[in-house]
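> The structure's right below; bear with me while I get my questions together.
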Amino acid sequence: MTTPEFIGLGVLIVTALLLLAFTAWRRRASGILRRIDAYDRLNREVGLAVENGTRLHISLGRGNLFTARGGSALAGLAMLRRIAERTSVSDRPPIVTSGDASLTILSQDTSQSGYRAAGAEEGFRVTAGRLTGLSPFAYAAGTLSIARDDNVSAHVLIGDLGAESGLITDAAERQNASLIAASDNLSAQAVFYASAQDPLVGEELFAAGAYTGAGASHEASLNVQDVLRWIVIVVILIGAAFTVLGFGF
Amino acid sequence: MRVFTAAFAIAIGLIILLGFFFPIPLLMQLRLILTDWAVVIGAIAILVGIFNLVSVHMEKIRLRQKGSSYGVILVLALIGTFIFGVAFGVESPFMQLAVDAVIVPVEAALMAILAITLVYASIRLLRQRQDLTTVLFLAVAVLLLAAVMPKPFDNSAIDQFIVYLTGMFSRGGARGLLIGIALGTLLTGLRVLFGVDRPYGGN
């Protein structure tokens with residue numbers, strides 16, 4: 001085993017142990033999450049969509065599950081599970097779009113799980129989970145018609161998207177629909193920062209589950225992220241100090 | 001069934017992970033076989049996804065929903081391209097024409113629209129948010145433009161310094177964001193591995 005692999009395994013084990021410990025702690029005492037405006041807006045929009053008979057559009061992006069980009073897609077699916085459960089009583093169920101075929105199948109399965117958990121499985125439609133295109137622009141073009149024709153009151157874009165998401169955010173703006181957007185892609189984050197009312201930056205994407213009430217493990221993940229972030233900061237500072245003192249790695 | 005699905009998914013995830021860290025021949029062979037299976041299943045998923053795309057548009061056409069005429073064009077084009085592709089192969093002139101005369105120009109046009117859209121979004125951002133970030137954004141944009149645009153006099157040392165300075169901050173910021181995303185991805189993966197999140201319909 002090489003040194004980077006050894007360090008990687010160590011990080012993995014420490015993270016796993018921390019996650020288990022924080023999950024057990026969070027199950028006993030649920031903590032308070034810091035306020036993120038975008039998630040406040042999301043929870044509000046979910047309630048409004050059910051009351052007003054409008055639709056939510058949830059975009060999970062193009063994150064291929066066989067690559068590292070799949071992480072953001074999985075975070076989006078965890079959020080979708082909660083939203084599907086909460087909107088299952090709506091006349092107009094949310095439309096879920098994705099640009100990857102495997103992700104589309106998982107989005108249908110996840111939505112169905114949400115409906116089943118709410119005891120409304122008969123209301124589930126497979127066509128609510130849609131593959132709108134396999135290339136970035138094909139995906140954006142396929143999604144534009146949903147923004148225009150399907151009485152969408154809010155767009156939730158969470159996943160691996162690129163700069164082409166600018167076309168979707170523009171369509172949302174034209175329809176006066178709310179926009180909650182987060183991506184693991186830096187280009188998309190820049191687009192969202194310019195377009196979304198309350199942009200989500202960086203790892204805030206992975207907090208979607210915790211802020212939609214997905215459970216103790218999601219809240220624990222945020223705690224572990226905080227701990228790991230401090231470890232990274234300390235390691236960077238030590239590395240910088242060693243470099244300044246002439247002890248190169 | 002749900003327990004079996006979860007156990008199966010977790011076991012495969014663990015084998016792949018252990019195969020990455022421990023180069024034991026049996027684990028590595030299992031890892032390769034499972035990855036090959038995943039690729040085959042992924043390819044089948046594309047066919048299922050295309051069937052889903054056709055189903056959505058057929059439903060639109062059947063219910064005569066708004067924009068269903070575009071659905072007719074999409075379904076006909078898809079069937080035509082599929083038949084030609086299967087009959088003559090992807091290297092045939094017709095398939096090349098479909099790429100060169102349809103897909104490339106359409107995507108190029110969308111890219112051009114995107115450029116305009118992003119400029120418009122930037123202007124809107126400057127009008128809506130007038131804070132320190134906006135000032136910083138404007139300063140960096142002006143400095144970068146000044147550095148990269150052709151000038152009648154030689155000013156390369158200052159240009160290089162501007163590019164170095166802005167690059168230093170942007171690289172630092174980007175790395176910070178990517179480290180945060182990596183930590184989030186790690187924890188999301190662990191939740192799936194522990195069976196807490198089951199995107200395969202287990203909970």
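> Is one or more of the residues making up the stretch B:111-119 of a type in the set (S, T, N, Q), part of a helix (DSSP H, G or I) and more than 24 Å from the chain's Cα centre (by Cα)?
Taking every residue of the stretch B:111-119 in turn, none turns out to be of a type in the set (S, T, N, Q), part of a helix (DSSP H, G or I) and more than 24 Å from the chain's Cα centre (by Cα).
> With the requirement that a residue be assigned to a helix (DSSP H, G or I), touching a residue at least 60 places away in the same chain (Cβ under 8 Å) and of a type outside the set (Gly, Ala, Ser), what does the stretch A:195-249 give you?
Across the stretch A:195-249, the qualifying residues are A:Glu204, A:Leu205, A:Phe206, A:Tyr211, A:His218, A:Glu219, A:Leu222, A:Asn223, A:Val224, A:Val227, A:Leu228.
> Among the numbered criteria (1) within 9 Å of chain B (Cβ to nearest Cβ); (2) out of contact with any strand residue (DSSP E or B) (no Cβ under 6 Å at 6 or more places or on another chain), which one does A:Thr132 miss?
(2)
> If a residue counts only when it is of a type in the set (Asp, Glu), which helices (runs of 4 or more DSSP H) contained entirely in the stretch B:1-89 have at least 1 such residues?
B:25-62
> Looking at B:Val106, B:Val192 in this structure, which one is within 9 Å of chain A (Cβ to nearest Cβ), part of a helix (DSSP H, G or I) and within 30 Å of B:Thr5 (Cβ to Cβ)?
Sole residue among the options that is within 9 Å of chain A (Cβ to nearest Cβ), part of a helix (DSSP H, G or I) and within 30 Å of B:Thr5 (Cβ to Cβ): B:Val192.
> Separate question: Just a yes or no: is a residue in the stretch A:181-190 closer than 22 Å to B:Pro199 by Cα, in contact with a strand residue (DSSP E or B) (Cβ under 9 Å, 6 or more places away or on another chain) and facing chain B (nearest Cβ under 8 Å)?
Yes; the residues of the stretch A:181-190 include at least one that is closer than 22 Å to B:Pro199 by Cα, in contact with a strand residue (DSSP E or B) (Cβ under 9 Å, 6 or more places away or on another chain) and facing chain B (nearest Cβ under 8 Å).
> Considering each of B:Pro150, B:Pro93 in turn, give the residue that is more than 24 Å from A:Ala196 (Cα to Cα) and at pLDDT 80 or above.
B:Pro93
> If A:Asp160 passes every condition in (1) among the charged types (D, E, K, R); (2) crowded, with 24+ Cβ neighbours inside 10 Å; (3) without any contact (Cβ under 8 Å) to a residue 60 or more places away in the chain but one, which one does it miss?
(3)
> I'd like to check something: does the stretch B:148-159 contain any residue that is within 14 Å of chain A (Cβ to nearest Cβ), in a helix (DSSP H, G or I) and under 29 Å from A:Ala163 (Cβ atoms)?
Looking for residues that are within 14 Å of chain A (Cβ to nearest Cβ), in a helix (DSSP H, G or I) and under 29 Å from A:Ala163 (Cβ atoms), one finds none in the stretch B:148-159, hence no.
> Further question on the same structure: Condition test on B:Phe82, is it surrounded by fewer than 14 Cβ atoms within 10 Å (Cβ to Cβ), more than 9 Å from chain A (Cβ to nearest Cβ), modelled with pLDDT under 90 and within 26 Å of B:Val102 (Cβ to Cβ)?
Answer is yes for this residue.
Here's the yes/no breakdown for (1) charged (D, E, K, R); (2) under 27 Å from the mean Cα position of the chain (by Cα); (3) within 13 Å of chain A (Cβ to nearest Cβ); (4) farther than 21 Å from A:Val11 by Cα:
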site: B:Phe22; (1), (2), (3), (4): no, no, yes, no
site: B:Gln29; (1), (2), (3), (4): no, no, no, yes
site: B:Asp36; (1), (2), (3), (4): yes, yes, yes, yes
site: B:Val39; (1), (2), (3), (4): no, yes, yes, yes
site: B:Ile44; (1), (2), (3), (4): no, yes, yes, yes
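> Related question: Condition first: among the basic types (Lys, Arg) and surrounded by 11 or more Cβ atoms within 10 Å (Cβ to Cβ). Now tell me which residues in the stretch B:103-141 satisfy that.
Within the stretch B:103-141, B:Arg124, B:Arg129 meet the criteria.
> Looking at the stretch A:22-31, is at least one residue closer than 26 Å to A:Leu186 by Cα and not small (Gly, Ala, Ser)?
Checking the stretch A:22-31: not a single residue is closer than 26 Å to A:Leu186 by Cα and not small (Gly, Ala, Ser).
> Inside the stretch A:4-57, can you point out the residues that are over 19 Å from B:Leu186 (Cα atoms) and among the hydroxyl-bearing types (Ser, Thr, Tyr)?
Listed by number, the residues that qualify are A:Ser30, A:Tyr39, A:Thr54.
> Quick one: in the stretch A:130-145, of everything that is crowded, with 23+ Cβ neighbours inside 10 Å and among the aliphatic types (A, V, I, L, M), which residue is nearest to B:Gly71 (Cα to Cα)?
For the stretch A:130-145, the residue satisfying everything is A:Leu131.
The values are calculated or read from the model by the stated rules, or taken from the named source; none is laboratory data. Here the structure is a predicted model, which is why all the values come from computation and not from measurement. Using ideal geometry, Cβ is built from the backbone for each residue, glycine included, and neighbour counts are taken over all protein chains shown.
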